[in-house]
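> So that we are looking at the same thing, I have put the structure below in structure tokens.
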Amino acid sequence: PTPIEVLPTVNNPKCFGDTDGVISLAIAGGSTPYNITWEDEAGNILTDDSGNPLTSQEIGGLPAGKYIFKIVDNDGNPYTDEVIVKENPQLVVTTSLLSELNNKCYGDENGEIVLNIDGGTGVYTVDWGSIPADKIVAGEYKAINLGYNTYNIDVKDSNGCDVSHSVV
């Protein structure tokens, strides 16, 4: 038989800290059937919920990390390699709130909220909640002319990872 060849495919977890990563192995060569075992980077054998070792060509429910797969074909020929499941950057949103400085009198509407968004993946979408559209600065992560209130703001990246903020 020809030597064992493996082409791994990795689907990284969608959001920072998620455990929905998947590794699939396309195996060719050697002699079937294949005996497959999986380990984490500490050398622990990966198991299912019942404690049985994972032996399939595809495993899921993975957090970011290094995974080692070991294949032995029907003739006893071994093949070992590792795959990295990568972590997407954490979506971080901080706010600069200027209403406390600007709204000096009851009823004033001089406050501003500026969002500082970092990490995540791709383009950000901001749901400003109860803030009217005419108070949102187009093309910026900024709302102006706000009165004293509690504003709930939700930021999502292109993967659907989100961060919610309540700003007073």
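The values are calculated or read from the model by the stated rules, or taken from the named source; none is laboratory data. Remember, predicted model here, so these are calculated numbers, not experimental data. All Cβ positions, glycine included, derive from the backbone under ideal geometry; neighbour counts span all protein chains shown. We work out accessible area using only protein heavy atoms, side chains counted, and drop any ligands, DNA or RNA first. Shrake-Rupley method; radii C 1.70, N 1.55, O 1.52, S 1.80 Å.
> Taking Cα centroids, how far is region 125-150 from region 1-63 in Å?
Distance between centres, Cα-based: 46 Å.
> With a 1.4 Å probe and all protein chains left in place, how much accessible area per residue does the chain have, in Å²?
58
> Please give the length that would be gained between Val10 and Ile84 if that part of the chain were fully extended, namely 0.36 nm times their separation in residues minus their C-alpha to C-alpha distance (nm, one decimal).
The span from Val10 to Ile84 would gain 25.8 nm if fully extended.
> On to the next question. Run the numbers for Val92 and Ser158: contour at 0.36 nm per residue of separation, minus the present Cα-Cα distance, in nm.
Once the chain is fully extended between Val92 and Ser158, it gains 22.4 nm.
> Another one. What is the sum of charges around Gly119, taking Lys and Arg as +1, Asp and Glu as -1, for the other residues whose C-beta is under 13 Å from the C-beta of Gly119?
Its environment carries a net charge of -3.
> With the full set of protein chains in place, find how many percent of the accessible area of the chain is carbon and sulfur; take the probe as 1.4 Å.
C and S fraction of accessible area: 48 percent.
> If you don't mind, there's one more thing I want to ask. Cut-off under 22 Å on the C-alpha distance; same-chain residues fewer than 8 positions from Lys70 excluded. Which lysines are left, in chain and number order?
Lys86
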